[in-house]
Amino acid sequence: MAAGFKTVEPLDYHRRFLKENCRPDGRELGEFRTTTLNIGSITTADGSALVKLGNTTIICGIKGELAAPPVDAANKGYIVPNVDLPPLCSSRFRPGPPGEQAQAASQFIADVIENSDVIQKEDLCIVKGKLSWVLYCDIMCLDYDGNILDACTIALLGALKNVRLPEVHINEETDLAEVNMKQKNPLNITKHPVACSFAIFDDTIIIVDPTVEEENLSTGMITVVTDEDEKLCAVHKPGGTALSGEKLQDCISRAITRNKEVNKLLNEVLISVKPK
């Protein structure tokens, strides 16, 4: 009977749970799904991470390549993120060029990298005006069950912490780059941004970490990104219901707590994979 009611009237079905301050999957309104993180999953990449947020599964692989620095910033390197939402992860996506949601997710990740200073691009420069690193951050969704922005941000951060780049220097005689694969160094991660997404129901009720069903039924979405210093890095709100200042402050407070939870998990995983 409940399954039939859920199919015919999904919104009313959810409202009945929300009135009791809980959700159909048993979570409280401010509760995240179980988050798991695995780093170093792709051995052919310079850094990688696999994140599961409930059923939502995201993998991030980072490859470093050498290139000339930008003309207008001779002492900087590049970070190029790309989010892929293939048909493999959900029937809502189609083969072909990136759809609107994938492009919006890629832009969101690019904005987070830029605004949070997770990496100083100057650190990616090898020789000013001559040689720098380009980090291609490919983020792919393997299973789509809502809230991909949070999972993508965690996967990116985990993969960046896992990156090891070989030492490179320019041979003065030949003026060519020489790569020492035996000597690899980690990146200097200066900030640890974490995203926290919320769905708005009936213009008033805010729930954290929505599933795909909750996203579809919501009247609005908002994603708040904070770093470990409780600094606001980004707010992403693609239309929908307006939020009062008080509700937005509640979202920011929850995002700050979430940052501590994710960074604790990240540190535990990094310690567990360190060679003894």
_Mean separation of Cα contacts under 8 Å (6+ apart) over length of the range 147-276, as relative contact order %_ = 20 percent
*Give me D for the chain in µm² s⁻¹, whole number, from Stokes-Einstein with Rh from the Kirkwood sum over alpha-carbon pairs, 20 °C and 1.002 mPa s.*
107 µm²/s
*Can you run phi through the Karplus equation (6.51, -1.76, 1.60; θ = phi - 60°) for the range 202-217 and list ³J(HN,Hα) in whole Hz, with x for Gly and Pro?*
6, 6, 10, 8, 10, 10, 9, 6, x, 6, 5, 5, 5, 4, 5, 8
*How high is the FRET efficiency from THR34 to ASP202, r the C-beta distance, R0 25 Å, rounded to 0.05?*
0.40
*Do you know the relative contact order of the range 29-120, to the nearest whole percent, from alpha carbon pairs under 8 angstrom that are 6+ apart?*
14 percent
*Net dipole in debye of the chain [+1 Lys, Arg Cβ; -1 Asp, Glu Cβ; about Cα centre; nearest 20]*: 540 debye
*State the extension gain, in nm to one decimal, for the chain segment bounded by ARG15 and LYS237, taking 0.36 nm per residue of separation less the distance between their alpha-carbons.*
77.6 nm
*Per residue of the chain, what 222 nm ellipticity follows from adding -39500 (n - 2.57) for every DSSP H run with n ≥ 4, rounded to the nearest 500?*
-10000 deg cm²/dmol
_Surface share of carbon and sulfur [accessible, 1.4 angstrom probe, percent] for the chain_ = 52 percent
*Those lysines that a straight Cα-Cα span of less than 16 Å connects to LYS231, excepting residues fewer than 8 apart in one chain*: LYS191, LYS260
_Defining a contact as two alpha carbons under 8 Å apart and six or more residues distant in sequence, what relative contact order in percent does the chain show?_
18 percent
*Rounded to the nearest 0.05, what FRET efficiency do GLN120 and ASP25 have when you use their Cβ-Cβ distance and R0 = 30 Å?*
0.15
*Length gained when the stretch VAL273-ARG94 is fully extended (0.36 nm per residue, less Cα-Cα span)*: 60.8 nm
*Kindly express, to the nearest 10 degrees and within the range 0 to 90, the angle between helix 10-19's C-alpha long axis and the longest C-alpha principal axis of the chain.*
90 degrees
_Between ASP72 and SER253, what's the calculated FRET efficiency when r is the beta-carbon distance and R0 is 45 Å? Round to 0.05._
0.70
*Can you spot the aspartates and glutamates whose alpha carbon is less than 12 Å from LYS264's alpha carbon? Ignore those fewer than 8 places along the same chain.*
GLU228
*In square angstrom, what is the accessible area per residue of the chain with a 1.4 angstrom probe?*
51 Å²
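The values are calculated or read from the model by the stated rules, or taken from the named source; none is laboratory data. Remember, it's a predicted structure, so these values are computed and weren't measured experimentally. We place every Cβ from the backbone using ideal geometry, glycine too, and count neighbours over all the protein chains shown. Remember, those area values only see protein heavy atoms, side chains included, never the ligands or the DNA or RNA. Shrake-Rupley method; radii C 1.70, N 1.55, O 1.52, S 1.80 Å.
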